[in-house]
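Colleague: Structure in structure tokens, see below.
The values are calculated or read from the model by the stated rules, or taken from the named source; none is laboratory data. A quick note: this is a predicted structure, and the numbers were derived from the prediction, not measured. Neighbour counts are summed over all protein chains in view; Cβ atoms, including those assigned to glycine, are modelled from backbone coordinates with ideal geometry. Surface areas here come from the heavy atoms of the whole protein model, side chains and all, with no ligands, DNA or RNA. Shrake-Rupley method; radii C 1.70, N 1.55, O 1.52, S 1.80 Å.
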Amino acid sequence: MSRIKLSDSAVETIKEVCMSFGNQEGELINVLHQVQDKLGYLPAEVQELVAQELNMSVAKVYGVVTFYSYFTMIPKGEFPISICMGTACYVRGAEQVLSEFKRQLKVEVGQTTPDGKFSLSCLRCVGTCGLSPVIMVGEKVYGRVSPQQVKQIIAEYQEGCPSHEAKSA
Amino acid sequence: MSEYNFQILVCGGTGCKASESEEIRSSFVNLLNEYGLEEEVQVVLTDCFGFCEKGPIVKMMPDKTVYVRVKPSDADEIIKEHIVKGNQVERLLYRDPVTGTVVRDRQHMEFYKKQIRIALRNCGFINPEEIDEYIAHDGYMALGTCLTEMKPMEVIEQIKKSGLRGRGGGGFPTGLKWEITAKVPGDQKYVVCNVDEGDPGAFMDRSILEGDPHTVIEAMIINGYCTGASKGLVYIRAEYPLAISRLKIALAQARAYGLLGDDILGSGFNFDIEIRYGAGAFVCGEETALIHSMEGCRGEPTFKPPFPSVSGYLGKPTNVNNVETYANIPVIINKGADWFASIGTEKSKGTKVFALAGKINNVGLIEVPLGTTLREVIYDIGGGIRGGKKFKAVQTGGPSGGMLTAEFLDTPIDYDNLLAAGSMMGSGGMIVMDEDDCMVAIAKFYLGFTVEESCGKCAPCRIGNKRLHEILERITDGKGEIQDLDRLFMLSNVIKDASLCGLGQTSPNPVLSSLKYFRQEYEAHVKASHCPAGQCKALVRYEVIEDKCTGCTLCFRNCPVGAITGEKREVHFIDQSLCIKCGVCFEKCKFGAILVS
């Protein structure tokens, strides 16, 4: 992976977050949550700086980042698309919906489209099983999605700004 | 609250929120203001009513009318008809799917008839963001009783006597766990609430926390009082933003009322609660893994003993309980251990919340007395199988459980019966499958989950489950051989025997139970390259039956990949090289002209 250089403001942000948790090693997960919240993702350079600030090994930080599915080392797209792969959604056809998204966006799960617009991921249960199969685009939940609707959902965001009236379910 | 003549309760659970319940609430409020009725009618955004299938749900008080699948645009009619004229809005009432008759209120809905709500008692009845509403429903009364009238050991005796067992899955007697933690000497102890609900398809804990956060807070304080802990920690999935925000509001309110902090209710007892965030790891539901995660480490389980009750968070005695377990505590104190123990079966007391989902008519959150049969849950409460299809199996206990067939429909649900049947209670996920589900593919689905979620510490779980998944993949791709069935069986048993924690020990359950009850399906895959349910894509082919095709073009118009060609009123054709086997043509065809082979 090519190295990126963290901007001064990013460095500042990370240091501030670490400081707000007293640079305590035990607060690593809380620190990572906040840093990811602010920077969007946790590339190697960010992890190195966090390790340095909390006075622990980079290996340990990396171990934690890769252990938990919530943390990501790849930048998410402008509109992150998550397909619920909980059992309820699975038995009501989530897999077909997922393969249609893969086909339309030409990316695999965990990848982002080259234009940075969409990223595709699976999640484990939104907890809205009554609406299954469910997908999320950002914070917005779409329920009872069929493979045929996929094209239209993507189109909503293609133009840049999603139409607020458009609502499935 | 009593100054209002009417109340409109709008479900604000995550499911209904996704279906615009927030907009419904605001259109009610706006219209009421416009009509000058805001003094008469109160609009409350409550939490989950449980009947998610028909959400968003709106309940009218005091007459308890239930409206289903409500849209923001329906608000006007509801106000004009129901509130002003006193007429129910017929078209929004629930219709019984079997009889087709209109059901006007909650008491007459089959969905609620067999339920007893203890843990969910306040969900959908109170505004979860108002501590006063909780207090008005006997909230914090149990805490008062415990702190002012009972000694810690007396409370523990009551919990033991009630027979309450851990609702997170294991079923360990709650009172005994408290007693052990209480008896371990230590200057600093912790109580932890486990909200790391990772079972896909289960959302009980989230709903309780969203709908009634104070009950969990109250029970944790009681837990702290009994065990001698001054600090409580809630370990919650970061993926539950609504539950987190409601919990934060509730904690602030409890502090403001002096129910958290120093010298609670003048008893001299000090206790406060902090929130810790999970980051998405199923294994963290296991208590030792959860504790490591709270310490900022990878959430890998460690060997027990020492149990967390002796050496847990930061090496201090720690009592870990699940949300639903806690939600039962205040009721046990208020109504008495004997009352609680009168519900349920001999060894499983009280009720259990289940997240009923899958191929069932009434998806939702239900709470039934232990000892209720699967048939009652699936057919009476769940309203039977969707689309009139045939029941095939029900999976309890999520990825750790097993599939139960029709022969278990009359088995009373309790911890021991489910274990004996090769499944488990688990946290309460209950996924119903019908004749269209391929059991081999379902087992593969669960194994895929386990492979992803295995923490990697034990080789049998890390490598073994991967191999299991590969074998299942081979079978569903039509490349399996009959010896694979024995390999699955042997490997599953090794993984069960040789893994450290509950995840590894139970992960092969879906394989073992499906092998046991649906062996013929496995055999069809490997011997005849045939998927009886028609689910395994590699083994399925969609073709047009020429005699039946009318050339209506419906399949052509719906095919997402343009694999179907044909002119109007002429026989259509499916190009097999383009077909992605999504099955849409089969679903859409009104003439049964698509052959699945």
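Colleague: How about the range B:269-292: which of its residues are closer than 25 Å to A:Cys125 by Cβ and either at the interface with another protein chain (Cβ under 7 Å from one of its Cβ atoms) or in a loop (DSSP other than H, G, I, E, B) (or both)?
Modeller: Listed by number, the residues that qualify are B:Tyr277, B:Ala279, B:Gly280, B:Ala281, B:Glu286.
Colleague: Which ranges mark the helices (runs of 4 or more DSSP H) fully within the range B:98-211 that have 2 or more residues being of a type outside the set (Lys, Arg) and touching a Leu at 6+ places or on another chain (Cβ under 8 Å)?
Modeller: The helices (runs of 4 or more DSSP H) meeting that bar are B:141-149, B:174-183, B:204-211.
Colleague: Please verify whether the range B:126-134 includes one or more residues that are open to solvent by 50 Å² or more (accessible area, probe 1.4 Å) and more than 19 Å from B:Val323 (Cβ to Cβ).
Modeller: Checked the range B:126-134: at least one residue is open to solvent by 50 Å² or more (accessible area, probe 1.4 Å) and more than 19 Å from B:Val323 (Cβ to Cβ).
Colleague: Would you please list the contacts, defined by Cβ atoms under 7 Å and residues six or more apart or on different chains, that run from a residue in the range B:402-419 that is of a type in the set (Gly, Ala, Ser) to a residue that is assigned to a loop (DSSP other than H, G, I, E, B)?
Modeller: From the range B:402-419, the pairs are B:Gly402/B:Gly422; B:Gly402/B:Ser423.
Colleague: Kindly indicate the residue of the range B:2-33 that is on the phi < 0 side of the Ramachandran plot and in a loop (DSSP other than H, G, I, E, B) and also nearest to the other protein chains (Cβ to nearest Cβ) among those meeting that condition. Show your work before the answer.
Modeller: Initial filter on the range B:2-33 (on the phi < 0 side of the Ramachandran plot): B:2-19, B:21-33.
Next cut, in a loop (DSSP other than H, G, I, E, B) only: B:2-5, B:12-13, B:18-19.
Working: B:Ser2: 33, B:Glu3: 34, B:Tyr4: 29, B:Asn5: 31, B:Gly12: 13, B:Gly13: 8, B:Ala18: 4, B:Ser19: 5 Å.
Going through the qualifying residues, I end up with B:Ala18.
Colleague: On to the next question. Is it the case, given these coordinates, that A:Gly40 is more than 13 Å from chain B (Cβ to nearest Cβ) and surrounded by fewer than 16 Cβ atoms within 10 Å (Cβ to Cβ)?
Modeller: yes
Colleague: I need the full set of residues from the range B:84-102 which are open to solvent by less than 80 Å² (accessible area, probe 1.4 Å) and at pLDDT below 85, in order please.
Modeller: Selection gives B:Asp96, B:Pro97, B:Gly100.
Colleague: Please verify whether B:Ser492 is away from chain A (no Cβ under 14 Å), of a type in the set (S, T, N, Q) and assigned to a helix (DSSP H, G or I), treating the condition exactly as stated.
Modeller: Here the answer is yes, as B:Ser492 does meet what is asked.
Colleague: In the range B:293-311, which residue that is touching a Pro at 6+ places or on another chain (Cβ under 8 Å) and not polar (S, T, N, Q) is farthest from the other protein chains (Cβ to nearest Cβ)?
Modeller: Taking the candidates together, the pick is B:Val310.
Colleague: Now a separate question. Could you pull out the residue among A:Cys89, A:Cys18 that is crowded, with 17+ Cβ neighbours inside 10 Å, more than 12 Å from chain B (Cβ to nearest Cβ) and either assigned to a helix (DSSP H, G or I) or free of Cβ contacts under 8 Å to residues at least 60 places away in the same chain (or both)? Steps first, answer last, please.
Modeller: On the way: A:Cys89 fails: more than 12 Å from chain B (Cβ to nearest Cβ).
The conditions single out A:Cys18.
Colleague: Every residue in the range B:344-385 that is in contact with a Lys or Arg (Cβ under 7 Å, 6 or more places away or on another chain), in a loop (DSSP other than H, G, I, E, B), more than 26 Å from B:Gly163 (Cβ to Cβ) and not charged (D, E, K, R), please.
Modeller: B:Asn361
Colleague: Exactly one condition in (1) open to solvent by 60 Å² or more (accessible area, probe 1.4 Å); (2) closer than 29 Å to B:Ala441 by Cβ; (3) of a type in the set (Ser, Thr, Tyr) is not met by A:Tyr62; state its number.
Modeller: The single condition A:Tyr62 does not satisfy is (2).
Colleague: Separate question: Taking helices (runs of 4 or more DSSP H) that fall entirely within the range B:401-484, which contain at least 1 residues that are closer than 21 Å to B:Asp380 by Cα?
Modeller: By residue number, B:415-420.
Colleague: Among B:Ile291, B:Ile273, which is the only one that is more than 30 Å from B:Cys16 (Cβ to Cβ), at pLDDT 95 or above and open to solvent by less than 30 Å² (accessible area, probe 1.4 Å)?
Modeller: On the way: B:Ile273 fails: more than 30 Å from B:Cys16 (Cβ to Cβ).
Among B:Ile291, B:Ile273, only B:Ile291 is more than 30 Å from B:Cys16 (Cβ to Cβ), at pLDDT 95 or above and open to solvent by less than 30 Å² (accessible area, probe 1.4 Å).
Colleague: For the range A:1-15, how many residues meet the condition of being surrounded by 14 or more Cβ atoms within 10 Å (Cβ to Cβ) and assigned to a loop (DSSP other than H, G, I, E, B)?
Modeller: Looking only at that region, the number is 1.
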